[in-house]
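Below is one structure, written out as structure tokens, with a few remarks after it.
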Amino acid sequence: MNATQRKLLMQLVIGAAWVDGELDRPERQYLQALLERQKLDQDPDLLALLDTPIALPQLEAWLVLFLQGSSTPTRLAALATIANLLMADGVVNRSEHNLIDEIHSLMAQIPASRDEEEYRQAAPGLVQGLRGLVRRALDGAKHLFQ
């Protein structure tokens, strides 16, 4: 994975952490350690994301960019990273488990080849699937905001 992909992956992981509207202490610690491992712990753009919730359209855009430019092994590594983040607090509830399953499903829809026309055809379905995934996650976390 090149430096651009690593940064984009970190943007995705941080965005996934914000899906419920907050970063709890274990998530923040996991993200800090991950940034250090990726040698991105001094990146001002990524550090700013730790303090500001990520808007859904931005998360969608990052996911499409990442999936379009990555191989299957890279996508699976991203899925594992997001799953590890969701398990950082030691509890994986049903909505988090569903989130992981749905991200995996979306990743599987990306064409294996790098043919640009195939990507263009797959992208609308991916974005629509991601919107549904994030909305369901937010619906499951509504109780946190009341």
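The values are calculated or read from the model by the stated rules, or taken from the named source; none is laboratory data. Just so it is clear, the structure is predicted and the values come from calculations on it, not from any experiment. Here the Cβ positions follow ideal geometry from the backbone for every residue, glycine too, while neighbour counts run over all protein chains shown. Heavy atoms of the whole protein, side chains included, go into the accessibility calculation; ligands, DNA and RNA do not. Shrake-Rupley method; radii C 1.70, N 1.55, O 1.52, S 1.80 Å.
Among the residues of the stretch 45-55, are any in contact (Cβ under 8 Å) with a residue 12 or more places away in the chain and touching a Gly at 6+ places or on another chain (Cβ under 6 Å)? Within the stretch 45-55, one or more residues are in contact (Cβ under 8 Å) with a residue 12 or more places away in the chain and touching a Gly at 6+ places or on another chain (Cβ under 6 Å). Among the residues making up the stretch 66-75, those that are surrounded by 14 or more Cβ atoms within 10 Å (Cβ to Cβ) and assigned to a helix (DSSP H, G or I) are 66, 67, 68, 74, 75.
Here residue 29 fits the description: under 18 Å from residue 89 (Cα atoms) and open to solvent by 30 Å² or more (accessible area, probe 1.4 Å). Considering 35, 31, 40, the condition of being in contact with a helix residue (DSSP H, G or I) (Cβ under 9 Å, 6 or more places away or on another chain), touching a residue at least 24 places away in the same chain (Cβ under 8 Å) and in a loop (DSSP other than H, G, I, E, B) is satisfied by 40 alone. Can you tell me which residue is farthest from residue 22 (Cα to Cα) among those in the stretch 76-87 that are crowded, with 17+ Cβ neighbours inside 10 Å and touching a residue at least 60 places away in the same chain (Cβ under 8 Å)? Filtering the stretch 76-87 for residues that are crowded, with 17+ Cβ neighbours inside 10 Å and touching a residue at least 60 places away in the same chain (Cβ under 8 Å), the one farthest from residue 22 (Cα to Cα) comes out as 78.
Would you check which residues across the stretch 33-65 are more than 14 Å from the chain's Cα centre (by Cα) and loosely packed, with under 13 Cβ neighbours inside 10 Å and list them?
At the first step, the residues of the stretch 33-65 found to be more than 14 Å from the chain's Cα centre (by Cα) are 33, 35-45, 47-48, 51-52.
Those that are more than 14 Å from the chain's Cα centre (by Cα) and loosely packed, with under 13 Cβ neighbours inside 10 Å: 33, 36, 37, 39, 42, 44, 45, 48, 51, 52.
One residue stands out in the stretch 2-21 among those that are surrounded by 13 or more Cβ atoms within 10 Å (Cβ to Cβ) and not in a helix (DSSP H, G or I): the one that is farthest from the chain's Cα centre (by Cα), namely 20.
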